[in-house]
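Q: Got a structure for you, written out below as structure tokens; questions coming shortly.
Each reported figure results from applying straightforward, stated rules to the coordinates on display, with no laboratory input. Just so you know, these numbers come straight off a predicted model, no measurement behind them. Glycine gets a Cβ as well: all are built from the backbone with ideal geometry, and neighbour counts include every protein chain shown.
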Amino acid sequence: MTAPFSFRLIASDGTARRGAFITPHGTVLTPAFMPVGTQATVKGVTVDELRRTGAEIVLGNTYHLMLRPGAERIATLGGLHAFMNWEGPILTDSGGFQVMSLSQLRKLTETSVTFRSHIDGTMVELTPERAIEIQSLLGADISMQLDECLKLPAPRAEIERAMLLSLRWAERCKRAFESAPPGRALFGIVQGGDDTTAPALPAERPRYLMGVGTPDDLVEAVARGIDMFDCVLPTRNGRHGAVFTRFGVLNLANARHRDDPRPLDEESAYPPARTYSRAYLSHLVRVNELLGQMLLSSINLAYYQGLMAGMREAIAQGRFAEFRAATREGWARGDIAPL
């Protein structure tokens, strides 16, 4: 459990990259999609089911976990891996995005960001050093620096100001990270709105596009050289009856699915997508049954993992362009209902 973090490129096809990174809790193949475990759980999906979807790494949220149950409490309980019963790698974000999006009252200075908890109104100060301390207490394999996450679009001068502050905070995070247990990694965050691009990044380092996105986003970003992603979309959409498939997005609340005995996708590698009928899943959605939310969340995650695996294989075989075109053609063609 002390293997140092490392990343290596295995193959490339144009600007699309296939690689792998090693963490103290295992190896992750890239391009990789990380399910989001905001509250030390991927909503509606057990860790056993999460493994069956093909997920190799999950994301934990520093902002939420620092507020409850608390990083120190999780540390005394053995760290986040033991706490949520996940044996694989964990990446934790810094909390910067949630401070921006969830806190009604916040004050930003050179030293820190102070915000009011959305839970009980308590005022909390988060410094770059504290952000690293929290992530170390959680036991994250990969920690993120604290940054100022601007709401975009924004004036160029404001973007530049936030970028420079984030760079200064990155230096403080790096110094604080020097006392972290061996084998873990600290990722910096590239700020700059849409003025900074992947070709400017070092080829020997993993490239992580945070909070993205739809299947189309993933394919297009991989085509541009991105290696890692996270997003709540597959589970959030699943909880609302939308399922991602090779035919595009299906809304199971639509009437056309009520009498359809077909599975979602008879060719899916994930059993629930092959064994439950559309009519049954549509029924679960319509009656707001918890099982429907759980099944569609895991089916969506499995689709995302299958999409990433397909891109990895296509890159290795030098046929990424063909895979990209065929995948997009399938989404555009859609699913033709039986007569």
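Q: Taking a quarter of the surface of the convex hull around the Cα atoms of the chain, what do you get in nm²?
A: Averaged projected area of the chain's Cα convex hull equals 17.9 nm².
Q: Exactly which GluC sites (Glu not before Pro) in region 164-219 are in a DSSP loop and have at most 12 other Cβ atoms within 10 Å?
A: Filter output for region 164-219: Glu178, Glu204.
Q: Moving on. Among 296-308, 274-286, what's the highest-first ranking by average C-beta atoms within 10 angstrom per residue?
A: Final packing ranking: 296-308, 274-286.
Q: Counting residues in region 238-333 as N, plug N into 2.2 N^0.38 Å and put the Cα Rg over that result.
A: For region 238-333, the normalised Cα radius of gyration comes out at 1.14.
Q: Related question: Treating the beta-carbon of each Lys and Arg as +1 and of each Asp and Glu as -1, no other charges, what is the dipole magnitude of region 296-339 about its Cα centre, to the nearest 20 debye?
A: Its charge dipole is roughly 100 debye.
Q: Below 15 angstrom from the Cβ of His283, what's the summed charge of the other residues (Lys, Arg +1; Asp, Glu -1)?
A: Once positives and negatives cancel, what remains is +2.
Q: Put +1 on the Cβ of every Lys and Arg and -1 on every Asp and Glu Cβ in region 238-333; which of Leu264, Leu307, Leu250 then has its Cα farthest towards the positive end of the dipole?
A: Result: Leu250.
Q: With r as the distance between the Cβ atoms of Ile336 and Asp216 and R0 = 22 Å, compute the FRET efficiency 1/(1 + (r/R0)^6) and round to 0.05.
A: After rounding to 0.05, the efficiency reads 0.60.
Q: Can you figure out the FRET efficiency of Arg205 with Glu158, using R₀ = 30 Å and their beta-carbon distance, to the nearest 0.05?
A: Efficiency, rounded to the nearest 0.05: 0.65.
Q: Can you give the FRET efficiency for Asp120 and Thr76, using 1/(1 + (r/R0)^6), R0 = 22 Å, r = Cβ-Cβ distance, to the nearest 0.05?
A: After rounding, the FRET efficiency stands at 0.50.
Q: Turning to a different aspect of this structure: Extent of region 60-167 along each principal axis, from alpha carbon coordinates, in Å, largest to smallest?
A: 44, 29, 22
Q: Quick one: Debye curve from the alpha-carbon atoms of region 167-250 only, equal weights, vacuum; give me log10 I(q)/I(0) at q = 0.15, 0.19 Å⁻¹ to two decimals.
A: -0.75, -0.98
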